[in-house]
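Peer 1: The structure's right below; bear with me while I get my questions together.
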Amino acid sequence: MSGTELTENELIEERIDLSRNTCPNREQRANGINVWYGKASDLAKEARSGCLRQRERNFQQSSGCVLNFYLSVRIGTIRDAVAIYHAPVGCSSAALGYRELYRHVPVELGRPANFDLHWMTTNLGERDVVYGAGEKLREAIKEAERRYNPKAIFVLTSCTSGIIGEDIEGTVSQVQPEIKATIVPIHCEGSRSRLVQTGYDAFWHAVLKYLVKKPEKKQKDLVNVASMLSYTWQDRLEIKRLLGKVGLRVNFVPEFASVEQFEQLSEAAVTAPLCPTYTDYLARGLKQEYGIPYFLYPSPMGVAHTDEWLREIGRHTGKEREIEALIKEEHEKWLPKLKAIRQEFENFKGNGEKVEVLGALGQGRLLAQVPYFDELGLKSSAAMCQDFDNLILKDLEKLIAQMGDFDILVNTFQAAEQTHITNQRNPDIAMTCPFQGGAFKRDKGVTRVHALRSDAHPWSAQSGYTGAIAFGNFLLQSLKSHSYQRTMKEKTQSTYKDWWYKQPNSLYYLKAEE
Amino acid sequence: MGISEPLETNNVISGAIEAPRYSCALAGAYSTAVGMFGVVPILHSGAGCGIGQLFGQFYGGGQNAGGPYGGTSTPCSSLVEEHVIFGGEKKLESLIESTVELVNGELFAVISGCVPSLIGDDVGAVIRRYKEKKPEIPIIHVNTSGFAGTSYEGYEYFFDSVIDQLLEEKVPKEKGLVNVFGIVPFQHIFWKGEARTIKTLLEKIGLKANLIVGEFDALENLKKIPAAEYNIILSSWVGHETAKKLEEKFDTPYISFPGVPIGPKQTSEFLRVIGERLDVSIDVIEDLISSEERRAYRFAEYVGDVLLIARPHPYFAVVADSNSAVSITKYLANEMGYLPDIVQITDNPPEEARELINEELTTGLETPAWPEIIYEVDAYRIRENLKDRNFMFLLASSLETFISGPEFNAIHLTVSFPSYDRIILERSYAGFSGGLTLMEDVMSKYAGPL
């Protein structure tokens, strides 16, 4: 295979086939993997030549499935809808916080005062597993309508409903005539794919197939933005502020959106990313079905990328001049602040060495974070990301060309591997996420990768210009805090035995190829 | 297909439910494993089961992180389609090998989820082979699944496996040793503090209490189970299957209480009954009661003004699992003069337990105001049932946090699962001074300058 390079349409299955019940898995659609450790340039080379293959591990930790938690804590935030989990009772327990989500956002900051979120479980039991549960699902859909008169009812599948062969489409088409709400079946059986991002595609597939309406009118000032739970209320406000200044409106989906906002996706001027691989399937689908232009790179993280992100939107909305004026105005305000942060980082060690940070989370965040850290004057000689697929290959190649090579550990919340790489690299700041096990127990700085959606504090922002500055200051602050992680390292037992830290390979448990 | 020996339940709910306040049997077994320090759970399931329960059990159970073995720290076979077709046994085999090699732990507990149950993996055989190869490694298999029941049944499944696979032989009884069951880690959000308080109380009357949950040295504690003279069950139904099985296998008698005792009255009664059954000297019991009571009531005098001037004899509502609902309602009614308006029980106890619960919540109350008692798991109906009533306080879960004021004009406190809005580490309402803690929490919700 060496020497051959695959073209874009060999790398990615570009066509979205809405006549099917669901999307292809990321493994098939874009050769996705979530096991890799080595140089980013080698990863890109293997992917480009088509040699990159998913490998097995002999040791694995619970890392999330297509349904949990990617969809189970998201779909339930859609307003005037009901989510029904066609699953045993445990598959939806992650959604039990539903009545508390977004409630901490003050109404003065634009959160609707009145909203009510809903979900149900068909609570599959031993009997259902033997006899099937189509009737139960039908009744649940009817009950959801009786209770809440929603505009949409999402039906989410599970390993169990999949393995016992529930005919979801059959049940839905049978009951739909009796139901006013649009029923939207989402095929998110946990066992269908190794890659949690398949869940995004499965969700968008259902949205495109069932919920998006043919455009009644074009809304030339409307920008679709797919927002995730890792973007806070302040991030939304910043994006609204920036686009509002040039007379554009933002259609944030799916988190906390109304059903109407989904229906209107086809009327927007452009689809813009926060995370490219989260937005990808939706953006392509809207382009293919309704001709809505899109771009997937860059995301509005850091000053330079925010500039480019705004320019891209400007190009698609005929606002180029206004955007340039906006960028100029914003730079005047924020660049001096960025410079001050940069200086403080540069002086931090006192020996001319840069502060080293180990970060990233999703593959999209990888593309955004590495240049942003460089902007702050930080060094990131290694990064982690949850998965990798060909959707970001071109942008990764570009990133390597710009920033130079770096090491990359691809794994989906594999706590032992993450603890190992953090220990071995020993960066000044290790960015963590609640799902990284014991990686936080260390001597140097620890902070979070991102805050969450209901966080309305300006201190937690990361997007746009205010976010670039807020997060820079936030990272500076993290360098001054050590007591919790140090004490925990000293006083609690490690989950893993000592030998783990003494051997050099974070991917020690990579299974030999047969 | 499914569970080889299903536990007998008469409380299966057949319809769809909105947001029930528990998770599945896998989740209950997993929470139980994580709740005793030294057990390494190994999930033989899809990759999302551990993370799902990090959100659904550990965060829900008092906003706790997964700790060293929970959440993403939990080894998991992460089954996908190819295992559905070809089986997951080989994957599990190598996962057990690597886990034992890598992870510090005393006992390894393989917990099966829906996928292996549905595809018919012979997990028992995998474990037997491993045991033959490595007899020195303590390992059990909790043969459950998501569709086999609720978190509460998962707790029983865990102990069922311990009894069958870890506790093979009868051992001599140890004088004064008692096991305590019925507190389900995370589902009973105050589990750690409750376990500690009950242990201390029992030690004060000369018993050696094996709480198991919330304690270190899990393997040693589990192995001690057969040596106990008595099993104490702090629930009208949870832990009863376990107690019955231990009675059959090891001739250990058991005694049950409707919940963890809160405040001096319930705690004194608890100690007197225990004392009588276990032959503790009456003097020891009564001395402890009188010194602890004296202190607790002396302190209770300090809430007098904020109680009697600001919010005297208010009606209150409770939404909680049966253990918590009974103990909290009794404390408020019998010690603080609060009036029970409605009690909704959310853990779906079996019929025979309901009789006892009903009795506790009526004739067991020192007030003519008997509450309406409703057994309900559906969050929509629970909310409907709270409409148009007199209560001024709502002791419930964080599902009610934001609706309590606007919809019911009531002051809310999270005392039951899920508790996303209260971080519970060591706090509990158990024991003589637990009632004072409960009053602090309730009254701090409205206290201000008088």
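Peer 1: Determine if region B:310-325 includes at least one residue that is surrounded by fewer than 22 Cβ atoms within 10 Å (Cβ to Cβ), over 25 Å from A:HIS118 (Cα atoms), of a type in the set (Phe, Trp, Tyr) and touching a Ser or Thr at 6+ places or on another chain (Cβ under 7 Å). So that I can check it myself, show each step before the final result.
Peer 2: First, pick out the residues of region B:310-325 that are surrounded by fewer than 22 Cβ atoms within 10 Å (Cβ to Cβ): B:310-315.
If we keep only those that are over 25 Å from A:HIS118 (Cα atoms) as well, we get B:310-315.
Those still in the list that are of a type in the set (Phe, Trp, Tyr) too: B:315.
Within this subset, residues satisfying the condition of being touching a Ser or Thr at 6+ places or on another chain (Cβ under 7 Å) are none.
No, that holds for no residue.
Peer 1: Among (1) at pLDDT 95 or above; (2) more than 7 Å from every other protein chain (Cβ to nearest Cβ); (3) over 20 Å from the mean Cα position of the chain (by Cα), which single condition is B:GLN63 missing?
Peer 2: (3)
Peer 1: Inside region B:184-302, counting only helices (runs of 4 or more DSSP H) that do not spill past its ends, which hold 2 or more residues that are touching a Gly at 6+ places or on another chain (Cβ under 7 Å) and of a type outside the set (A, V, I, L, M, F, W, C)?
Peer 2: Numbers: elements: B:191-204, B:218-224, B:240-250, B:263-277, B:282-300.
The helices (runs of 4 or more DSSP H) meeting that bar are B:191-204, B:263-277.
This table checks each residue for (1) among the aliphatic types (A, V, I, L, M); (2) closer than 20 Å to B:ARG272 by Cβ; (3) surrounded by fewer than 21 Cβ atoms within 10 Å (Cβ to Cβ).
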{"site": "B:PHE147", "(1), (2), (3)": "no, no, no"}
{"site": "B:TYR152", "(1), (2), (3)": "no, no, no"}
{"site": "B:PHE159", "(1), (2), (3)": "no, no, no"}
{"site": "B:VAL162", "(1), (2), (3)": "yes, no, no"}
{"site": "B:VAL178", "(1), (2), (3)": "yes, yes, no"}
{"site": "B:PRO185", "(1), (2), (3)": "no, no, no"}
{"site": "B:LYS192", "(1), (2), (3)": "no, no, no"}
{"site": "B:LEU201", "(1), (2), (3)": "yes, yes, no"}
{"site": "B:LYS208", "(1), (2), (3)": "no, yes, yes"}
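Per-residue answers, yes or no, for (1) farther than 23 Å from A:GLU189 by Cβ; (2) among the hydroxyl-bearing types (Ser, Thr, Tyr); (3) within 9 Å of chain A (Cβ to nearest Cβ):
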residue	(1), (2), (3)
B:ALA19	no, no, yes
B:CYS24	no, no, yes
B:THR32	yes, yes, no
B:PHE37	yes, no, no
B:HIS44	no, no, no
B:ALA47	no, no, yes
B:ILE51	no, no, yes
B:LEU54	no, no, yes
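Peer 1: How about region B:270-329: which of its residues are among the β-branched types (Val, Ile, Thr) and more than 19 Å from B:TYR429 (Cα to Cα)? So that I can check it myself, show each step before the final result.
Peer 2: Let us first name the residues in region B:270-329 that are among the β-branched types (Val, Ile, Thr), namely B:273-274, B:280, B:282, B:284-285, B:289, B:303, B:306, B:309, B:318-319, B:326, B:328-329.
Matches in region B:270-329: B:VAL273, B:ILE274, B:VAL280, B:ILE282, B:VAL284, B:ILE285, B:VAL306, B:ILE309.
Peer 1: Oh, and also: Among A:ARG74, A:ARG15, A:ARG26, A:ARG99, which is modelled with pLDDT under 95 and crowded, with 17+ Cβ neighbours inside 10 Å? Talk me through it step by step, then tell me what you get.
Peer 2: Numbers: A:ARG15 fails: crowded, with 17+ Cβ neighbours inside 10 Å; A:ARG26 fails: modelled with pLDDT under 95; A:ARG99 fails: modelled with pLDDT under 95.
Among A:ARG74, A:ARG15, A:ARG26, A:ARG99, only A:ARG74 is modelled with pLDDT under 95 and crowded, with 17+ Cβ neighbours inside 10 Å.
Peer 1: Please state which of the following conditions B:GLN344 fails to meet, knowing it meets all the rest: (1) closer than 30 Å to B:PHE181 by Cβ; (2) touching a Lys or Arg at 6+ places or on another chain (Cβ under 8 Å).
Peer 2: All conditions are met except number (2).
Peer 1: B:VAL142 fails exactly one of the following numbered conditions: (1) over 30 Å from B:GLY15 (Cβ atoms); (2) touching a strand residue (DSSP E or B) at 6+ places or on another chain (Cβ under 7 Å). What is the number of that condition?
Peer 2: The number of the failed condition is (1).
Peer 1: Hydrophobic (A, V, I, L, M, F, W, C), surrounded by fewer than 19 Cβ atoms within 10 Å (Cβ to Cβ) and more than 19 Å from the chain's Cα centre (by Cα): which single residue out of B:VAL280, B:VAL284 fits that description? First the steps, then the outcome.
Peer 2: Numbers: B:VAL280 fails: surrounded by fewer than 19 Cβ atoms within 10 Å (Cβ to Cβ).
Exactly one of B:VAL280, B:VAL284 is hydrophobic (A, V, I, L, M, F, W, C), surrounded by fewer than 19 Cβ atoms within 10 Å (Cβ to Cβ) and more than 19 Å from the chain's Cα centre (by Cα), namely B:VAL284.
Peer 1: Which pairs turn up if I take residues in region B:421-450 that are without any contact (Cβ under 8 Å) to a residue 12 or more places away in the chain and look for partners that are part of a loop (DSSP other than H, G, I, E, B) with beta carbon separation below 7 Å, at least 6 apart in sequence or on another chain?
Peer 2: B:THR437/B:ARG427; B:THR437/B:TYR429
Peer 1: Another question, if that's okay. With respect to the numbered conditions (1) within 16 Å of A:ALA83 (Cα to Cα); (2) hydroxyl-bearing (Ser, Thr, Tyr); (3) within 10 Å of chain B (Cβ to nearest Cβ), which one is the sole condition not fulfilled by A:THR160?
Peer 2: Status for A:THR160: all satisfied but (1).
Peer 1: Give, as residue ranges, the helices (runs of 4 or more DSSP H) completely inside region B:68-164 that count at least 3 residues that are over 21 Å from the mean Cα position of the chain (by Cα) and within 14 Å of chain A (Cβ to nearest Cβ).
Peer 2: Per the criteria, B:81-86, B:89-102, B:114-119.
Peer 1: Which of the residues spanning region A:366-418 are assigned to a helix (DSSP H, G or I) and either within 22 Å of A:PRO504 (Cβ to Cβ) or among the hydroxyl-bearing types (Ser, Thr, Tyr) (or both)?
Peer 2: A:TYR372, A:ALA415, A:ALA416, A:GLU417, A:GLN418, listed by residue number.
Peer 1: On the basis of being buried (at least 19 other Cβ atoms within 10 Å of the Cβ) and within 8 Å of chain A (Cβ to nearest Cβ), does B:TYR380 make the cut? Break it down into steps so the answer makes sense when it comes.
Peer 2: Values: buried (at least 19 other Cβ atoms within 10 Å of the Cβ): no; within 8 Å of chain A (Cβ to nearest Cβ): yes.
Against the criterion (buried (at least 19 other Cβ atoms within 10 Å of the Cβ) and within 8 Å of chain A (Cβ to nearest Cβ)), B:TYR380 does not qualify.
The values are calculated or read from the model by the stated rules, or taken from the named source; none is laboratory data. Everything quoted here is computed from the prediction, not taken from an experiment. Neighbour counts run over all protein chains shown; Cβ positions are idealised from the backbone, glycine included.
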